[in-house]
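Asks: Let me begin by handing over the structure; questions about it come next.
The values are calculated or read from the model by the stated rules, or taken from the named source; none is laboratory data. All values reported here derive from a predicted model rather than from experimental measurement. With ideal geometry, Cβ positions are generated from the backbone for all residues, glycine too; neighbour counts draw on all protein chains shown. With ligands, DNA and RNA removed, areas are computed over all heavy atoms of the protein, side chains included. Shrake-Rupley method; radii C 1.70, N 1.55, O 1.52, S 1.80 Å.
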Amino acid sequence: MGKTRTPIANVPAPIRAVVFDAYGTLFDVHSVAGLAEQLFPGSGDALSRLWRQKQLEYSWLRAMSGRYKPFQEITRDALRFAAGQLALSMRPVHEAGLMDQYASLPAFPENLSTLRALKAAGLPLGILSNGNREMIEASVRNAGMTGIFEHLLSSQDVETFKTTATIYALAPSAFGCPAREILFVSSNCWDAIGARWYGYTSFWINRTGAPLEQLDTQPDHTGNLLTDVLTVART
């Protein structure tokens with residue numbers, strides 16, 4: 001694994017690039033709840049939330065244990081667990097439909113205009129995601145974001161997941177600048193903190209009013225929508 005870098009406290013750095021987490025930050029993972037509710041009335045929201053929870057847990061366990069498996073396969077495994085936990089009779093056609101929907105998640109409403117504004121300001125943009133490359137590229141196409149990002153950086157490139165230093169090291173290498181000069185944006189507080197531990201300037205998009213994770217530090221910046229990133233990135 002790469003060496004973890006400690007951020008320099010209270011010393012602002014110029015922002016030379018902006019890198020985004022994909023799932024939950026750019027793309028709405030819980031949009032699958034609508035189809036899930038059609039398939040399993042009364043259980044759509046519960047299935048969506050448990051599916052996401054297990055997807056993350058499996059990625060953490062595999063990263064800690066050095067047992068990589070493509071994120072798309074982890075996503076399928078998590079769906080099967082969630083259906084079993086909720087005692088849902090999920091037939092192959094149901095699974096295929098839900099997985100297809102996950103492959104083309106919609107973006108949050110303000111995201112495309114925000115990304116265009118950042119790009120117009122001259123900032124190079126990237127995605128740094130646990131998703132495998134095929135998943136990321138499909139979501140970018142579906143959201144009309146083709147051509148916006150200079151780099152699509154995937155767990156597939158290093159065969160591990162966040163919060164290992166190895167995956168966070170991808171963006172400084174790709175953009176050719178120190179992590180502290182890259183604004184890392186995530187709607188997952190644990191991810192924003194993991195990025196800060198590595199050395200990024202981090203921004204937490206707290207869409208749901210969630211409490212701060214108790215990990216002895218906090219993201220450098222916090223906002224409620226992706227548009228809040230504009231003020232920090234432009235300074």
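Asks: Kindly check whether there is at least one residue in the range 147-162 that is farther than 23 Å from Asn132 by Cα and over 17 Å from the mean Cα position of the chain (by Cα).
Replies: no
Asks: Given the conditions (1) in contact (Cβ under 8 Å) with a residue 60 or more places away in the chain; (2) surrounded by fewer than 19 Cβ atoms within 10 Å (Cβ to Cβ), and given that Arg141 satisfies all but one, which numbered condition is not satisfied?
Replies: Failing condition for Arg141: (1).
Asks: Out of all the residues in the range 36-87, which are in contact with an Asp or Glu (Cβ under 9 Å, 6 or more places away or on another chain), in a helix (DSSP H, G or I), free of Cβ contacts under 8 Å to residues at least 24 places away in the same chain and over 16 Å from Gln101 (Cα atoms)?
Replies: Tyr58 - this is the single residue of the range 36-87 that is in contact with an Asp or Glu (Cβ under 9 Å, 6 or more places away or on another chain), in a helix (DSSP H, G or I), free of Cβ contacts under 8 Å to residues at least 24 places away in the same chain and over 16 Å from Gln101 (Cα atoms).
Asks: Could you check, for the range 195-204, whether at least one of its residues is in contact (Cβ under 8 Å) with a residue 60 or more places away in the chain, out of contact with any His (no Cβ under 8 Å at 6 or more places or on another chain), open to solvent by 20 Å² or more (accessible area, probe 1.4 Å) and closer than 11 Å to Ala22 by Cβ?
Replies: no
Asks: Do you know which residues across the range 22-33 are out of contact with any Gly (no Cβ under 7 Å at 6 or more places or on another chain) and in a helix (DSSP H, G or I)?
Replies: Val29, His30, Ser31, Val32 - these are the residues of the range 22-33 that are out of contact with any Gly (no Cβ under 7 Å at 6 or more places or on another chain) and in a helix (DSSP H, G or I).
Asks: Now a separate question. Any residue at all in the range 161-170 that's surrounded by fewer than 20 Cβ atoms within 10 Å (Cβ to Cβ), in contact (Cβ under 8 Å) with a residue 24 or more places away in the chain and in contact with a Lys or Arg (Cβ under 9 Å, 6 or more places away or on another chain)?
Replies: Scanning the range 161-170 turns up at least one residue that is surrounded by fewer than 20 Cβ atoms within 10 Å (Cβ to Cβ), in contact (Cβ under 8 Å) with a residue 24 or more places away in the chain and in contact with a Lys or Arg (Cβ under 9 Å, 6 or more places away or on another chain).
Asks: Let me ask something additional. For the range 93-113, name all the residues that are surrounded by 17 or more Cβ atoms within 10 Å (Cβ to Cβ) and closer than 20 Å to Leu225 by Cβ.
Replies: Leu105, Ala107, Phe108, Asn111
Asks: Residue check, Thr75 against (1) under 21 Å from Ala143 (Cα atoms); (2) surrounded by fewer than 19 Cβ atoms within 10 Å (Cβ to Cβ); (3) among the polar types (S, T, N, Q), all met but one. Which one?
Replies: (2)
Asks: Okay, moving on. Would you pick out the residues in the range 136-147 that are under 16 Å from Pro106 (Cα atoms) and assigned to a loop (DSSP other than H, G, I, E, B)?
Replies: Of everything in the range 136-147, those that are under 16 Å from Pro106 (Cα atoms) and assigned to a loop (DSSP other than H, G, I, E, B) turn out to be Ala143, Gly144, Met145, Thr146.
Asks: Also, quick follow-up: Of all residues being more than 21 Å from Gln156 (Cβ to Cβ) and not in a loop (DSSP other than H, G, I, E, B) in the range 114-135, which is most open to solvent (accessible area, probe 1.4 Å)? Just the residue, please.
Replies: Here the answer is Arg116.
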